[in-house]
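The values are calculated or read from the model by the stated rules, or taken from the named source; none is laboratory data. Given the structure is predicted, the values throughout are model-derived calculations rather than measurements. Every residue, glycine as well, gets a Cβ built from its backbone with ideal geometry; the counts of neighbours run over all protein chains shown. In case anyone asks, the SASA skips ligands and DNA or RNA and just uses the protein heavy atoms, side chains included. Shrake-Rupley method; radii C 1.70, N 1.55, O 1.52, S 1.80 Å.
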Amino acid sequence: MKLALVGMPGGGKSTVGKQLARQIGVPFVDSDHEIEARIGGSIKQFFERHGEDAFRDLETEVIAELVTRPGDCVLATGGGAVLRDRNRDLLHSNATVLYLRSTPEDLFRRLKHDTTRPLLQVKDPLARLRELHHQRDPLYRRCAHYVLESARPSVHALVNMALMQLELAGLLDPTRVAATVGAEPV
Ligand code: S3P
């Protein structure tokens, strides 16, 4: 099984993804890290030098490669991965997609000191997060099989919610999952 996490920057995709992967006992992959490994530098620098379109092209290539790679994994995607129809199709048809949904206000609280995300290096990052959320929320929903409200619960609670959802859907064998979150998988 492939699981993919989509959602706004700062919504916990990487943190939740890592724990989910550990619980299920499959590798964790982060499309932004794969992109940075490929370009040999940071996404922020790449945006500055080549612009957003070039970044999006690379993002599509990397997502296509990761979701069609044989074997199970949990994949965290960049917040803008859902902007392209092709990425949404690739993710939706090759993985079970979970949308980690947060409010712009909660995201702002987590990201207000962040300097790594190029789209948020503006005078009013909260207004920007509201705009992006408004634009992207319908796209995340369209791409996802399940929506998890991630504003309030802790990471552990979110991971448990995701595991429960997957078990209920018959997508996950409960005997493969460590008994409690935080425990190492057997
Ligand atoms: C982006 C989010 C980032 C990264 C890039 C663009 C976006 O990923 O892919 O800076 O468009 O929202 P995170 O969601 O992991 O921050």
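In degrees between 0 and 90, to the nearest 10, how far off the longest principal axis of the chain does helix 13-24 point, with axes built from Cα atoms?
Helix 13-24 and the main axis of the chain meet at about 20 degrees.
Starting from the Cα coordinates of the range 128-177, work out the convex hull volume and express it per residue in Å³.
About 88 Å³ per residue, rounded to a whole number.
Is the shape of the range 79-136 best called rounded, prolate or oblate, per the rule: a/c under 1.5 gives rounded, else a/b larger than b/c gives prolate, else oblate, with a ≥ b ≥ c the square roots of the Cα gyration tensor eigenvalues? All intermediate terms of the calculation are to be shown ahead of the outcome.
Details: a/c = 2.41, a/b = 2.06, b/c = 1.17.
It comes out prolate by the Cα gyration axes.
I need the GluC sites (Glu not before Pro) found in the range 20-57, filtered to DSSP loop residues with at most 16 other beta carbons within 10 Å of theirs.
Details: sites: GLU34, GLU36, GLU48, GLU52; in loops: none.
Counting only loop positions with at most 16 other Cβ atoms within 10 Å, none of the GluC sites (Glu not before Pro) in the range 20-57 qualifies.
Would you please classify the overall shape of the range 56-152 from the alpha carbon gyration tensor, given that a ≥ b ≥ c denote the square roots of the eigenvalues, rounded means a/c under 1.5, and beyond that prolate means a/b larger than b/c while oblate covers the rest? Could you put the intermediate results ahead of the total?
On the way: a/c = 2.05, a/b = 1.64, b/c = 1.25.
Prolate, because a/c is 1.5 or more and a/b exceeds b/c.
Order TYR99, TYR146, most accessible first, counting only protein heavy atoms with a 1.4 angstrom probe.
Working: TYR99 0, TYR146 50 Å².
From most accessible down to least: TYR146, TYR99.
State the percentage of accessible surface on the chain attributable to carbon and sulfur atoms; use a 1.4 Å probe and exclude ligands, DNA and RNA. Walk me through the numbers on the way to the answer.
On the way: 4680 of 9230 Å².
So the carbon and sulfur contribution to the accessible surface is 51 percent.
Compute the accessible area per residue over the chain, keeping the other protein chains in place, probe 1.4 Å, unit Å².
Numbers: 9230 Å² over 186 residues.
Value returned for the chain: 50 Å² of accessible area per residue.
Using 0.36 nm times the number of residues separating ARG38 and GLU105, minus their current alpha carbon distance, what extension gain do you get? Working shown, then result.
On the way: separation 67, 0.36 × 67 = 24.12 nm, distance 3.29 nm.
Between ARG38 and GLU105, full extension yields 20.8 nm more.
Restricting to DSSP H runs of at least four residues, report the calculated mean residue ellipticity at 222 nm for the chain, -39500 (n - 2.57) per run over all residues, nearest 500 deg cm²/dmol.
On the way: 7 runs with 98 residues, N = 186.
For the chain, the value works out to -17000 deg cm²/dmol.
What angle, in degrees between 0 and 90 and rounded to the nearest 10, separates the Cα long axis of helix 125-143 from the longest principal axis of the Cα atoms of the chain?
50 degrees
What is the ratio of the Cα radius of gyration of the range 1-119 to 2.2 N^0.38 Å, where N is its residue count, to two decimals? All intermediate terms of the calculation are to be shown ahead of the outcome.
Numbers: Rg = 13.9 Å, N = 119, 2.2 N^0.38 = 13.5 Å.
Cα-based Rg divided by the globular estimate yields 1.03.
Out of residues 5 or more away from GLU149 or on other chains, whose amide H comes under 5 Å of its own, with H placed 1.01 Å from N in the peptide plane?
ARG101
Per residue, how much space in cubic angstrom lies within the convex hull of the C-alpha atoms of the range 17-81? Before the final figure, lay out the partial values.
Numbers: hull volume 5.2 nm³, N = 65.
Hull volume normalised by residue count: 80 Å³.
Report D for the range 57-102 in µm² per second (integer): Stokes-Einstein, Kirkwood Rh on Cα pairs, 25 °C, 0.890 mPa s.
Translational diffusion coefficient: 223 µm²/s.
Quick check: with the 1.4 Å probe, what order do PHE108, PHE46, PHE55 take by accessible area, largest first?
Values: PHE108 60, PHE46 35, PHE55 10 Å².
So the residues, ranked largest to smallest area, are PHE108, PHE46, PHE55.
What lysines sit close enough to LYS2 to cross-link, taking a C-alpha to C-alpha distance under 17 Å and skipping anything fewer than 8 places away on the same chain?
LYS13, LYS18
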